[in-house]
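Just below is one structure, and these are the notes that go with it.
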Amino acid sequence: MSRKPLISVVTAVYNGASYIEETIRGVLNQTEGDFEYLIVDDASVDGTVDLIASFHDERIHLIRNEQNQRVVGARNRGLDLCQGEFVALTDCDDLSDPNRFALQLKAMRSDPELQLVGANAQNINADGQPLVARAGRDERPELTRARLFFRNQFVHSSIFFRRSGVEDLRYRTEFQYSEDYDLIVRCAGLGRIRILPEILVSYRIHGDNLSVLNYSEMVRLSGQIKSDQLKEIGLEASAEELSLHRSFEHPNGPMDRVAMHRLAAWCEKMLGAVQYSKYPCADAFEAVLYEELISLIERQVNFGNSGFDIWNEKIYRQAMKSDLLAYLRILLKRIIY
């Protein structure tokens with residue numbers, strides 16, 4: 001019996017001829033070379049298969065779907081075949097830094113309780129030219145976990161997780177277009193999660209991104225994932241509360257004084273639920289909530305909305321006091337605008 005690889009790399013691709021060669025090279029050029037590379041072609045008709053077959057590397061395993069299974073089905077087929085101790089995911093249009101696997105493996109081995117690790121990304125355009133880097137910081141895993149209540153901050157092509165204990169972990173078809181968010185939240189319930197501060201992935205932005213083509217459905221499903229997390233701390237959020245909560249990640253323009261008052265009440269309600277439910281990372285949740293509030297208030301000011309007094313609500317005052325530099329920045333903007 002042949003020795004099992006240390007890492008299983010999974011890429012699902014459908015009609016990815018434009019970028020798949022670059023993606024494959026990014027994987028094959030890793031400084032940590034103990035891996036199998038499972039590429040699931042989801043019934044492409046554009047020459048993708050020929051491009052994959054042109055790479056003569058025994059680590060590559062091409063799996064072909066006779067019928068299109070869509071991205072969740074294709075990714076799950078790859079996960080079904082994984083043999084490695086760890087799984088690395090990468091999309092068919094993104095690029096991995098040569099040190100990605102080595103650094104993520106090092107993080108995993110240094111923390112046995114770490115279940116999943118991501119990394120920061122450099123956005124690139126369709127031609128591979130750099131756009132904005134997703135600058136990050138090395139923060140406590142508890143903060144990273146708490147942020148999932150508000151948004152998915154992980155880049156899918158940076159996900160690297162430990163298979164032990166989650167051998168049956170798969171994407172759920174009912175969360176198509178937000179399936180990575182759902183998978184990460186479930187992993188977070190099984191162990192620690194972390195995002196490395198290094199930029200280890202180039203995330204390609206182009207007109208065929210699934211997140212671009214299916215934005216409204218992605219927003220709806222991510223709202224469901226947030227709602228499910230809130231239920232775990234005893235909160236059955238109303239439609240209005242979920243709409244307010246959605247404004248943290250997906251702002252819809254200026255909010256009037258009434259909406260800002262209701263948002264403050266919702267935030268107070270969340271803090272109370274976290275404390276009552278004995279959520280293990282209550283201090284981290286509070287810190288993240290204050291950061292989210294500061295960002296939301298600053299966006300409102302950027303929208304030209306200065307028709308509310310941030311000092312009228314206790315929780316807004318607490319948020320401002322947690323970051324005086326941010327408060328001064330917001331105050332200056334309100335004067336200018």
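Of the residues in segment 177-200, how many are without any contact (Cβ under 8 Å) to a residue 60 or more places away in the chain and outside any helix (DSSP H, G or I)?
3
Output the strands (runs of 3 or more DSSP E) that fall wholly within segment 99-166 and possess 2 or more residues being on the phi < 0 side of the Ramachandran plot and at pLDDT 95 or above, or say none.
Because the criterion is at least 2 residues that are on the phi < 0 side of the Ramachandran plot and at pLDDT 95 or above, the strands (runs of 3 or more DSSP E) in segment 99-166 that meet it are 114-124, 160-162.
One residue is enough: does segment 25-45 have a residue meeting the conditions in contact with a Gly (Cβ under 7 Å, 6 or more places away or on another chain), closer than 25 Å to Leu200 by Cβ, in contact (Cβ under 8 Å) with a residue 60 or more places away in the chain and outside any loop (DSSP other than H, G, I, E, B)?
yes
Of the residues in segment 213-235, how many are of a type in the set (Asp, Glu) and at pLDDT 95 or above?
To start, the set of residues in segment 213-235 that are of a type in the set (Asp, Glu) comprises 217, 228, 232.
Right, trim to at pLDDT 95 or above and you get 228.
Matching residues across segment 213-235 total 1.
Could you please let me know if Phe285 is surrounded by fewer than 17 Cβ atoms within 10 Å (Cβ to Cβ) and not charged (D, E, K, R)? Don't jump to the end; show me each part of the working.
Details: surrounded by fewer than 17 Cβ atoms within 10 Å (Cβ to Cβ): no; not charged (D, E, K, R): yes.
No.
Being in a helix (DSSP H, G or I) and surrounded by 16 or more Cβ atoms within 10 Å (Cβ to Cβ) is the filter; apply it to segment 272-281 and report the residue that is nearest to the chain's Cα centre (by Cα). Spell out the reasoning first.
Here is the first cut: in segment 272-281, the residues in a helix (DSSP H, G or I) are 272-276.
Those still in the list that are surrounded by 16 or more Cβ atoms within 10 Å (Cβ to Cβ) too: 273-274.
Details: Ala273: 25, Val274: 23 Å.
My answer is Val274.
Would you mention how many residues in segment 282-324 are at pLDDT 95 or above and outside any helix (DSSP H, G or I)?
Result for segment 282-324: 0.
How about segment 231-271: which of its residues are surrounded by 14 or more Cβ atoms within 10 Å (Cβ to Cβ), touching a Phe, Trp or Tyr at 6+ places or on another chain (Cβ under 7 Å) and either in a loop (DSSP other than H, G, I, E, B) or of a type in the set (Gly, Ala, Ser) (or both)?
Ile233, Phe248, Glu249, Pro254, Ala264
Go through Arg75, Arg70, Arg64 for me and flag whichever is under 26 Å from the mean Cα position of the chain (by Cα), surrounded by fewer than 20 Cβ atoms within 10 Å (Cβ to Cβ), among the basic types (Lys, Arg) and within 20 Å of Arg170 (Cβ to Cβ).
On the way: Arg75 fails: surrounded by fewer than 20 Cβ atoms within 10 Å (Cβ to Cβ); Arg64 fails: under 26 Å from the mean Cα position of the chain (by Cα).
None of the other options fit; the residue is Arg70.
A quick yes/no check of all residues on (1) in contact with a Cys (Cβ under 9 Å, 6 or more places away or on another chain); (2) among the aliphatic types (A, V, I, L, M); (3) more than 23 Å from Arg109 (Cα to Cα):
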position: Val10; (1), (2), (3): yes, yes, no
position: Gly16; (1), (2), (3): yes, no, yes
position: Asp41; (1), (2), (3): no, no, yes
position: Val49; (1), (2), (3): no, yes, yes
position: Ile52; (1), (2), (3): no, yes, yes
position: Gln67; (1), (2), (3): no, no, yes
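Just wondering, is there one or more residues in segment 30-40 that are surrounded by fewer than 17 Cβ atoms within 10 Å (Cβ to Cβ), within 19 Å of Val87 (Cβ to Cβ) and among the small types (Gly, Ala, Ser)?
From segment 30-40, those surrounded by fewer than 17 Cβ atoms within 10 Å (Cβ to Cβ) are 31, 33-34; that's our starting set.
When the remaining residues are screened for being within 19 Å of Val87 (Cβ to Cβ), the result is 31, 33-34.
The next check asks that each one be among the small types (Gly, Ala, Ser); those that pass are 33.
Taking every residue of segment 30-40 in turn, at least one turns out to be surrounded by fewer than 17 Cβ atoms within 10 Å (Cβ to Cβ), within 19 Å of Val87 (Cβ to Cβ) and among the small types (Gly, Ala, Ser).
From the list Thr90, Thr173, exactly one residue is hydroxyl-bearing (Ser, Thr, Tyr) and within 30 Å of Lys231 (Cα to Cα). Which is it?
On the way: Thr90 fails: within 30 Å of Lys231 (Cα to Cα).
Only one candidate qualifies: Thr173.
Cβ-Cβ below 8 Å, separation at least six or inter-chain, first residue in segment 241-269 and modelled with pLDDT under 95, second part of a loop (DSSP other than H, G, I, E, B) and acidic (Asp, Glu): which pairs?
These pairs meet every condition: Met260/Glu313; His261/Glu313.
The values are calculated or read from the model by the stated rules, or taken from the named source; none is laboratory data. None of these values were measured; they are calculated from a predicted model. Using ideal geometry, Cβ is built from the backbone for each residue, glycine included, and neighbour counts are taken over all protein chains shown.
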